[in-house]
Amino acid sequence: MSIAHRYPTITQAALQVIARKGYHQASIREIARAAELSLAGLYHYVGSKDELLFLVIDQALDTLLAKLDAALAEAVNPEAGLFALIRTHLEFAFNQGPALKVINRDVEVLEDPHRAAASQKRQRYLLRGLEVLRALDNRGRSNEELLAATNLLLGMLNGIATRPFVGQGRDTRVLTAEVGRLFLHGFLGTGEKHEG
């Protein structure tokens, strides 16, 4: 089997083991076994566990960014852009949950220069979300406010992507509409002030 054919098997094995056990608890020997390689065979393809984690995260971020870019390219207005962001994130989370878990949890354990490269890609994803909210903003909010709102939205989506939501077989389109309405119009569904 060629090197090009081996890498997907190796990175998938690494992803599953690291997502399940955490980076520090995942052993390179266990990853090799999951990839059906000897330890020496695994080291033929990658130099370290840190490199493996980087390959997993880098590949996942490339996939997530590509999916978001494709969805945003089809958005006909700012509101559609928001729904595209929400749907893309939820679909990625539901279909590639271990990858999202590793992205969110393990970027900081990477050693430089891998950490810097992965952080830069994660930042690009965040900035796309920021631009989506900037296009929707009709109040002239500051960059800091928009960044906070973007982080809140992505944090909410990450929370939804974990149990109990995942196990309930939720339709992503329906959930996207619910989250989009909540984010756009607030919990009470109106822009009016309510007194308690």
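The values are calculated or read from the model by the stated rules, or taken from the named source; none is laboratory data. Just so you know, these numbers come straight off a predicted model, no measurement behind them. Cβ atoms come from the backbone with ideal geometry, glycine included; neighbour counts cover every protein chain shown. Keep in mind that these areas ignore ligands, DNA and RNA; they rest on the heavy atoms of the full protein, side chains included. Shrake-Rupley method; radii C 1.70, N 1.55, O 1.52, S 1.80 Å.
Numbers at a glance
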{"item": "Largest-first ordering by accessible area, 1.4 Å probe, given options ASP137, ASP171, ASP112", "result": "ASP112, ASP171, ASP137"}
{"item": "Lys pairs under 28 Å by Cα in the chain, provided they are eight or more residues apart or on distinct chains", "result": "10"}
{"item": "GluC sites (Glu not before Pro) within the range 1-91: DSSP coil, no more than 15 neighbouring Cβ in 10 Å", "result": "GLU36, GLU74"}
{"item": "Using alpha-carbon coordinates, inclination of helix 114-136 to the longest axis of the chain, degrees", "result": "20 degrees"}
{"item": "Residue-wise HN-Hα coupling along the range 52-61, computed from phi with Karplus coefficients 6.51, -1.76, 1.60 (Hz; x: Gly, Pro)", "result": "4, 4, 4, 4, 4, 5, 4, 5, 5, 5"}
{"item": "Mean separation of Cα contacts under 8 Å, 6 or more apart, over the residue count of the chain: relative contact order %", "result": "21 percent"}
{"item": "Kirkwood-type radius of the range 29-80, with distances r between different C-alpha atoms, in Å", "result": "13.4 Å"}
{"item": "C-alpha center-to-center spacing [the range 123-148, the range 20-92] in angstrom", "result": "25 Å"}
{"item": "Cα-Cα P(r), the range 1-61, percent of pairs per 5 Å interval", "result": "4, 21, 36, 27, 10, 2"}
{"item": "Förster-model FRET efficiency, 30 Å R0, ALA177 and ASN151, C-beta, rounded to 0.05", "result": "0.85"}
{"item": "For the chain, built as a Gaussian network whose Cα springs stay under 10 Å, the top-fluctuating residue of PRO98, PRO113, PRO78", "result": "PRO113"}
{"item": "Nearest-10 value in Å² for the accessible area of SER119, using the 1.4 Å probe", "result": "40 Å²"}
{"item": "Angle between the chain longest axis and helix 3-21 axis [Cα atoms, degrees, rounded to 10]", "result": "70 degrees"}
{"item": "Coordinate range along principal axes, alpha carbons of the range 11-123, Å, largest first", "result": "52, 26, 21"}
{"item": "Separation of the GLU131 and HIS44 label points, Cα + 7 Å toward Cβ, nm", "result": "4.3 nm"}
{"item": "Helical mean residue ellipticity (222 nm; -39500 (n - 2.57) per DSSP H run of 4+; nearest 500) of the chain", "result": "-24000 deg cm²/dmol"}
